[in-house]
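The values are calculated or read from the model by the stated rules, or taken from the named source; none is laboratory data. Here the structure is a predicted model, which means the values were calculated and not measured. FYI the Cβ positions are ideal-geometry reconstructions off the backbone, even for glycines, and counts take in every protein chain you see. Side chains are part of the model used for accessible areas, which takes the heavy atoms of the whole protein and leaves out ligands, DNA and RNA. Shrake-Rupley method; radii C 1.70, N 1.55, O 1.52, S 1.80 Å.
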Amino acid sequence: MNYPTIFLLFSSILTFIYVVVSGFHNSRLPPGPYPFPIIGNILKLGNKPHRSLAILSKHYGPLMSLKLGRRTTIVVSSPDLAKQFFHTHDISFSSRTILDSIRAVDHDKYSIAWLPVGDQWRRLRRITNEYMFSAQCLDGSQLLRREKVQELVDYVDGCSTNEKTVDIGVAAFTTILNVLSKFIFSMDFAQYDTMSSQEFREAVMALLELAAKPNIADFFPILRPLDPQGLVRLGNFYGKKLLNLIDGIIDQRLQSRSSLATNDDVLDTLLNLFHKDESVFSLDDMGHLFYDILIAGTDTTSNTLEWAMAELIHNPEKMKTARAEINRLMQNNNGNIQEMHISQLPYLQAVIKEILRLHPPAPVLLPHRAIQDVEVKGFIVPKNALILCNVWAMGRDPNIWLDPERFMPERFMEVNIDYRGQDYEFIPFGSGRRICPGLNFAHRMLHLMLASLIQKFEWKLEGNIRAQDMDMEEKFGLTLPRKVPLVVIPIKVL
């Protein structure tokens with residue numbers, strides 16, 4: 001018997017034993033594809049896991065189990081199951097599965113996004129809600145957002161005058177970064193048409209890509225000390241760059257606070273908390289909180305705005321409808337769009353909802369973890385299982401949405417569905433305890449920026465490319481950026 005035959009026979013025996021043994025031990029797991037020995041179902045993920053998981057769920061059902069190396073993974077792909085996980089059993093599934101790259105710069109020990117639900121997480125969540133994203137705080141910072149969006153409009157206007165192109169994603173990123181940095185630190189982090197925002201954006205994008213990249217150490221934890229793909233090393237490199245920037249600003253403020261000058265910004269407010277009791281809220285907590293907010297707030301919101309502009313350019317009749325609604329409103333309200341106008345623009349709101357349905361900022365949300373065995377629909381979700389909710393698949397499910405692949409904002413004009421975590425067919429920001437704390441900030445920024453850009457400018461593609469020929473493919477990550485950046489030519493509306 002030759003070596004290839006022996007190898008095939010040996011592999012077949014191993015597979016048979018593995019299937020029998022794993023089937024005996026995991027008979028109450030949700031259905032899923034049979035795993036290969038050792039590697040499990042890793043090869044089934046492909047380079048766009050949200051799409052691969054959606055295809056598998058059509059065969060195995062909306063509650064599906066996979067074996068990714070040594071890790072049992074549960075995939076949720078329907079509204080009723082999302083409600084079971086994030087409402088009925090929310091506390092049992094509210095912990096996080098920590099990806100190995102997140103351990104860079106010890107971020108998992110301080111991060112509001114990755115900490116388990118406990119006293120430290122609750123303190124950070126309360127601080128974030130109370131001092132940054134409460135309705136009162138957001139109302140109080142309206143003027144800041146209006147000023148920064150006007151700077152975006154002025155930049156685009158200059159590009160129009162000089163017949164220059166605009167990279168929508170980069171311009172949006174710069175705007176949101178400056179809104180957050182001015183709000184938190186009383187300073188702009190970036191300027192349009194310079195490398196400053198580009199360098200920060202590259203660091204943010206690198207960290208997000210590292211977190212999304214399939215990592216063999218996540219599938220086989222025994223390999224973590226070796227960092228076989230060097231992802232933690234790269235995460236430390238980019239993470240230290242961002243933390244050094246943040247820590248330097250905090251140190252400068254601590255030194256200047258001895259003077260009478262005050263900034264009355266988030267940093268000063270949180271330093272007051274730190275001085276009251278640094279055992280409750282430390283400088284490390286503060287630095288990593290800002291790190292989280294600057295990364296999560298800039299990338300997800302700028303990606304969503306870029307997709308919104310791309311879909312409206314790709315569907316010019318929808319752009320025309322959105323602009324007409326704004327023009328009708330502004331006939332009686334001279335000047336620029338303001339946040340108080342958002343509630344009077346139902347079609348614009350429908351556009352944002354449709355973008356979040358088709359292009360959710362986090363296609364499978366951040367990974368949850370079961371803190372104990374839980375029975376769901378007659379199956380057992382085992383303790384420590386990694387839990388993914390495929391909101392991308394739910395947004396394109398024909399059993400939920402009519403003609404789901406089509407960009408059709410009108411669908412939201414006919415139904416009362418919102419993305420604040422209670423309508424489980426539509427949870428792009430998550431739901432339950434782990435719902436995105438910056439949801440209300442993103443809501444205001446997206447509507448304000450999009451309305452301003454389509455009110456003031458017409459848009460055309462470079463090289464006389466037709467709208468129907470645009471590349472509308474996405475690139476997988478923790479967020480869902482466009483494969484091809486949207487670079488367009490603005491034409492001022494007279």
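Between the amide H of D373 and those of K383, distances stay under 5 Å, these residues lying 5 or more places away or on another chain, with hydrogens modeled in the peptide plane. The relative contact order of the chain, computed from alpha carbon pairs under 8 Å that lie at least 6 residues apart in sequence, is 23 percent. Under a Cβ-Cβ cut-off of 13 Å, what is the net charge of the residues other than S279 that fall near it, where Lys and Arg count +1 and Asp and Glu count -1? Around S279, the surrounding residues sum to -3. Over all pairs of different C-alpha atoms, region 101-241 has a mean inverse distance whose reciprocal, the Kirkwood radius, equals 17.8 Å. Per atom type, region 173-287 shows carbon and sulfur on 54% of its accessible surface, probed at 1.4 Å. In this calculation the C-beta distance from Q136 to N47 is compared with R0 = 60 Å, giving a FRET efficiency of 0.85. Net length available on complete extension from K58 to L439 is 134.1 nm, with 0.36 nm assigned per residue and the Cα-Cα distance removed. Distance check, please: which entries in K48/K460; K353/K383; K44/K83; K241/K460 exceed 31 angstrom between their Cα atoms? Violating the 31 Å Cα-Cα cut-off are K353/K383; K241/K460.
Stokes-Einstein diffusion for region 430-494 at 25 °C, viscosity 0.890 mPa s, with a Kirkwood radius from C-alpha pairs, works out to 166 µm²/s. Taking GluC sites (Glu not before Pro) across region 256-349, the ones in a DSSP loop with at most 15 further Cβ atoms lying within 10 angstrom of their Cβ are E278. Taking only protein heavy atoms and a 1.4 Å probe, the accessible area of region 292-374 is 49% carbon and sulfur.
Accessible area per residue for region 103-225, computed on protein heavy atoms with a 1.4 Å probe, is 43 Å². Per residue, the accessible area of region 352-403 comes to 35 Å², computed with a 1.4 Å probe over protein heavy atoms only.
Please give the residues of region 285-318, grouped as numeric ranges, whose backbone N is less than 15 Å from a label point set 7 Å along the Cα-to-Cβ vector of A467. Counting only backbone N, you get 308-318. Within the shell of other residues whose beta carbon sits under 12 angstrom from the beta carbon of Q344, the net charge comes to -1, with Lys and Arg scored +1 and Asp and Glu -1. The residues of region 228-343 have, on average, 47 Å² of accessible surface per residue, using a 1.4 Å probe with all protein chains present. For the chain, dividing the convex hull volume of the Cα atoms by the residue count gives 173 Å³ per residue. In the chain, the calculated helix contribution to ellipticity at 222 nm averages -16000 deg cm²/dmol per residue, counting -39,500 (n - 2.57) for every DSSP H run with n ≥ 4. Modelled spin labels at Q338 and Y34, positioned 7 Å past Cα toward Cβ, are 6.7 nm from each other. In whole percent, how big is the carbon plus sulfur part of the accessible area of region 83-147, probe 1.4 Å, protein atoms only? For region 83-147, the apolar C and S fraction of the accessible surface comes to 48 percent.
Answer rounded, prolate or oblate for region 260-392, using the Cα gyration tensor with square roots of eigenvalues a ≥ b ≥ c: rounded when a/c is under 1.5, else prolate when a/b is larger than b/c, else oblate. Oblate, since a/c reaches 1.5 and b/c is not below a/b.
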